[in-house]
Amino acid sequence: MEQLEKQDRTIRKLKKQLKVYSKRIGEMGAGQTEGQTSPGLTVDEPIHPVNIPRREKDFQGMLEYKKEDELKLVKNLILELKPRGVAVNLIPGLPAYILFMCLRHADYVNDDQKVRTLLTSTINSIKKILKKRGDDFETVSFWLANTCRFLHCLKQYSGDEAFMKHNTPRQNEHTLSNFDLAEYRQVISDLAIQIYQQLIKCMENILQPMIGACRTASIADEGTYTLDSILRQLSAFHSTMCQHGTDPELIKQVVKQQFYIIGAVTLNNLLLRKDMCSWSKGMQIRYNVSQQEEWLRDKGLMVCGAKETLEPLIQAAQLLQVKKKTDEDADAICSMCLALTTAQIVKVLNLYTPVNEFEERVSVSFIRTIQTRLRDRCESPQLLMDTKMIYPVTFPFSPSSLALETIQIPGSLNLGFLTRV
């Protein structure tokens with residue numbers, strides 16, 4: 001009994017001590033909370049170590065390099081660059097931005113020789129790679145997009161009010177400060193025109209054999225190429241240009257040229273082949289044209305002028321299907337075929353082949369009536385369309401919203417000798 005009382009006294013004593021110590025700890029914790037801890041943090045919660053990021057230097061969107069590294073720069077960034085890997089994994093126009101950021105630093109330090117040699121090396125290197133791989137659509141498309149972006153950068157950061165108004169205040173801090181490069185902008189623009197013409201030549205070399213093989217064959221006909229294969233090729237061209245960051249306005253001009261080539265080659269085939277001039281072929285051509293228009297609609301390109309380039313072909317198809325007997329028919333043909341020359345109309349009528357015994361050939365008198373009605377037209381006497389004709393190209397100013405100081409250079413480009421400034 002005595003032993004139990006002794007244990008009870010000991011327990012009460014320990015409880016008192018525990019209360020005292022708890023109160024002291026509470027007072028110490030409250031003092032620390034006021035000066036060091038945030039609300040809601042209790043003394044029982046473990047404090048985990050926090051990584052405090054180092055504040056990154058405020059870059060000015062420039063890249064510095066030693067003069068002796070200039071050849072390495074154009075070699076790694078232009079001559080040995082593989083467009084496929086860059087286009088897929090990096091921001092569109094990256095080579096153009098890098099070159100311009102190098103140029104900005106040369107301008108910033110007022111080094112006119114460095115500015116001049118960099119621009120010259122860049123232009124010559126692009127010409128060299130296009131001379132070497134000028135038949136590769138992907139390469140030509142890639143350097144057309146980057147040359148245009150470089151041209152836009154030269155304008156956007158030129159300091160000219162007309163271009164500066166599109167910039168953010170931060171971008172306007174990055175304008176060139178010492179040199180007026182307006183003359184070089186013209187040289188770069190001329191280079192872009194040359195590349196554009198090379199691109200059209202590449203496309204023509206790919207499309208022309210396909211059109212020749214396909215002619216106006218239906219999708220069900222046997223053959224190496226069909227209309228579907230041509231439309232797939234157009235989609236491949238379009239996808240590649242979009243991936244390279246080609247300006248939308250420039251893509252519209254390219255597509256217009258593509259459709260001109262398709263229309264001109266197909267019409268020339270029709271004008272040279274008797275078996276192409278029948279009612280059924282006219283119907284097939286109109287179906288093919290509707291498929292091409294659907295392709296334009298899917299790509300949002302109905303207003304780029306491409307559809308209008310097919311007008312001569314459309315009118316030739318209509319000519320194959322309309323009546324060709326009376327004076328009224330002659331009047332209708334003359335009113336309808338405004339995109340065809342007299343020589344082309346007469347040729348189609350002469351070649352027209354009946355599809356069955358119930359249909360007659362076009363009479364000589366009807367053809368003479370047509371010639372008489374059209375003799376006062378002021379037009380070219382040419383029969384075949386010029387498949388090599390290229391519409392004049394323009395490069396509307398397209399400013400970039402990308403902040404130069406945020407651009408990172410991936411290690412895969414092997415440009416470790418460049419220093420961000």
**Request:** From the P(r) of the chain, can you give the percent of Cα pairs sitting at distances over 30 Å?
**Result:** 60 percent
**Fill in**
By the mean-Cβ-within-10 Å protection proxy, highest first, 164-175, 225-236 rank as 225-236, 164-175
**Asked** For labels at Phe417 and Thr175 in the simple 7 Å Cα→Cβ model, what's the distance in nm?
**Response** 3.3 nm
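Going by the alpha-carbon gyration tensor, a ≥ b ≥ c the square roots of its eigenvalues, is the range 163-302 rounded (a/c under 1.5) or, if a/c is not under 1.5, prolate (a/b greater than b/c) versus oblate?
Working: a/c = 3.49, a/b = 2.55, b/c = 1.37.
Since a/c reaches 1.5 and a/b is larger than b/c, the shape of the range 163-302 is classed as prolate.
Past 19 Å, Cα to Cα, is the threshold; run Lys75/Lys127; Lys82/Lys131; Lys256/Lys281 against it and keep the listed order. Provide the component values of the computation, followed by the final result.
Working: Lys75/Lys127 13 Å; Lys82/Lys131 15 Å; Lys256/Lys281 24 Å.
Where the Cα-Cα span goes over 19 Å, the pairs concerned are Lys256/Lys281.
Counting only heavy atoms of protein chains, what accessible area per residue, in Å², does the range 259-386 have with a probe of 1.4 Å? It would help to have the intermediate numbers written out before the result.
Details: 6440 Å² over 128 residues.
On a per-residue basis, the range 259-386 sits at 50 Å².
Calculate for the chain the 222 nm mean residue ellipticity that helices alone would give, adding -39,500 (n - 2.57) per DSSP H run of length 4 or more and normalising by residue count, nearest 500 deg cm²/dmol.
Values: 17 runs with 252 residues, N = 421.
That comes out to -19500 deg cm²/dmol.
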**Prompt:** When all protein chains stay in place, what accessible area (Å², nearest 10, 1.4 Å probe) is found for Trp279?
**Reply:** 110 Å²
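Normalised by the number of residues in the range 115-224, what is the relative contact order in percent for Cα pairs under 8 Å and 6+ residues apart?
Numbers: 63 pairs, mean separation 31.4, N = 110.
The value is 29 percent.
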**Fill in**
Carbon/sulfur accessible area of the range 248-374, % of total, 1.4 Å probe, equals 52 percent
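Take the alpha carbon gyration tensor of the range 91-141, find the square roots of its eigenvalues, order them as a ≥ b ≥ c, and report rounded if a/c is under 1.5; if not, report prolate when a/b exceeds b/c, else oblate. Before the final figure, lay out the partial values.
Values: a/c = 6.43, a/b = 1.84, b/c = 3.49.
Taking the square roots of the gyration eigenvalues as a ≥ b ≥ c, the range 91-141 is oblate.
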**Asked** Taking the mean number of other Cβ atoms within 10 Å as a proxy for protection, how do you rank 141-148, 347-354 from highest to lowest?
**Response** 141-148, 347-354
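In what sequence, largest accessible area first, do Asp111, Asp135, Asp275 appear using a 1.4 Å probe? If you can, show how the numbers build up before the last one.
Working: Asp111 35, Asp135 130, Asp275 85 Å².
The ranking, largest first, comes out as Asp135, Asp275, Asp111.
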**Prompt:** What length, rounded to one decimal in nm, is gained on full extension from Arg9 through to Ser401, with 0.36 nm per residue of separation minus their alpha-carbon distance?
**Reply:** 133.1 nm
**At R0 = 25 Å, FRET efficiency that the Cβ-Cβ distance of Ser363 and Trp279 yields, to 0.05** = 0.90
**Fill in**
Taking every C-alpha to C-alpha distance in the range 248-374 and binning by 5 Å from 0, the per-bin percentages run 2, 11, 21, 21, 17, 12, 8, 5, 3, 1, 0
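Between Glu308 and Asp112, what is 0.36 nm times their sequence separation minus the Cα-Cα distance? Round to one decimal in nm.
Values: separation 196, 0.36 × 196 = 70.56 nm, distance 4.82 nm.
Gain in length upon complete extension: 65.7 nm.
Could you work out how much longer the chain between Gln194 and Thr168 gets when fully extended? Use 0.36 nm per residue separation minus the Cα distance between them, nm to one decimal.
Between Gln194 and Thr168, full extension yields 6.1 nm more.
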**Asked** How many nm separate the modelled label positions at Thr120 and Leu90, each set 7 Å beyond the Cα in the direction of the Cβ?
**Response** 2.6 nm
**Message:** Take Ala332 and Glu294, extend 7 Å from each Cα along the Cα→Cβ direction, and tell me the distance between the two endpoints in nm.
**Reply:** 2.7 nm
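The values are calculated or read from the model by the stated rules, or taken from the named source; none is laboratory data. Computed from a prediction, not measured in an experiment: that's the story for all the values here. Positions of Cβ are generated from backbone atoms using ideal geometry, with glycine treated the same way; all protein chains shown enter the neighbour counts. In case anyone asks, the SASA skips ligands and DNA or RNA and just uses the protein heavy atoms, side chains included. Shrake-Rupley method; radii C 1.70, N 1.55, O 1.52, S 1.80 Å.
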